[in-house]
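Written below as structure tokens is the structure these notes are about.
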Amino acid sequence: DSIVQYAAMNRTDIMDAIIVDGDTIPILILDEVLLLDEPSFDSREARRRYYILKRKVMKVYPYAVIAGNKMDSLNLLLEGKSRRKRKKLTKKFQEYIRNDFEEEIVKLTHSEGQILSKLVSRETGITTYELISEYRSGWSAFWWNSIAYFNHIDLKTPYLPKEDEEDKLIEGILQRAFIEGRLQERIPILSLD
């Protein structure tokens, strides 16, 4: 087997091909194809719950994108800064988030809050609890998690679309929305690793 270049009779461009047992097989590079399972429902109630989940994901994903982008910006700002300067910048960042988004975030339902927490985990690579712990303190993360717990939200829940059934549905909803152009997928600037 060898790779050769050839031009087809009615084409002017040169193509690569491989010869296998005397047959010339053209080598073509195709666009990436994403295959998504169409969700199947065993009842009307399951279908209804799916569409409710879809509505909630579409509502909170933009907040997760903002959080991810702001975290990328904050990480760039904090790079190489002293501990004192990092603390000061983090505090300003927290005030900015509180002033601009607290009013809207407080209006989220419990389940929308949990979905937002998971999507923040998706966008940043770490749980919301770990984010608070890393940028504020472990004590602060403990209290925020306690408050969230009373609202039926677990800030320690990671986003695991390969293991958790709800996360798998959320990822499918997001991928369809990206393909259909209803949501813009966030491209991270840098990772927290």
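Report in % the part of the accessible area of the chain that belongs to carbon and sulfur, leaving out ligands and nucleic acids; probe 1.4 Å.
54
May I ask you to order 25-33, 44-52, 67-75 by the average number of other C-beta atoms within 10 Å around their residues, highest value first?
Highest mean packing first, the order is 67-75, 44-52, 25-33.
Between beta-carbons, use under 14 Å as the cut-off and find the net charge around ARG98, counting Lys and Arg +1, Asp and Glu -1.
So the surrounding residues net to -1.
With the other protein chains left in place, how much accessible area per residue, in square angstrom, belongs to region 62-136 at a 1.4 angstrom probe?
59
Hey, can you grab everything whose amide H is under 5 Å from the amide H of ILE18? Only 5+ residues off in sequence or another chain; H modelled, so Pro and N-termini drop out.
Counting only residues 5 or more places away or on other chains, the set is VAL4, ILE25, ILE27.
Could you order SER137, SER121, SER82 so the one with the most accessible surface comes first? Probe is 1.4 Å.
SER82, SER137, SER121
Evaluate the charge dipole of the chain about its Cα centre and quote only its size in Debye, nearest 20, assuming +1 on the Cβ of each Lys and Arg and -1 on the Cβ of each Asp and Glu.
For the chain, the charge dipole is close to 1720 debye.
Given the peptides 166-174, 110-118, 98-106, arrange them by the average over their residues of other C-beta atoms within 10 Å, most packed first.
Put in order of decreasing packing, that is 110-118, 166-174, 98-106.
For region 80-135, with the dipole built from +1 on Lys and Arg beta-carbon atoms and -1 on Asp and Glu ones, taken about the Cα centre, which of THR124, PHE93, SER82 lies farthest toward the positive end?
Checked the options; the winner is SER82.
The values are calculated or read from the model by the stated rules, or taken from the named source; none is laboratory data. All values reported here derive from a predicted model rather than from experimental measurement. Here the Cβ is made from the backbone with ideal geometry for all residues, glycine too, and neighbour counts use every protein chain on show. Areas reflect the complete protein model, heavy atoms only, side chains present, ligands, DNA and RNA absent. Shrake-Rupley method; radii C 1.70, N 1.55, O 1.52, S 1.80 Å.
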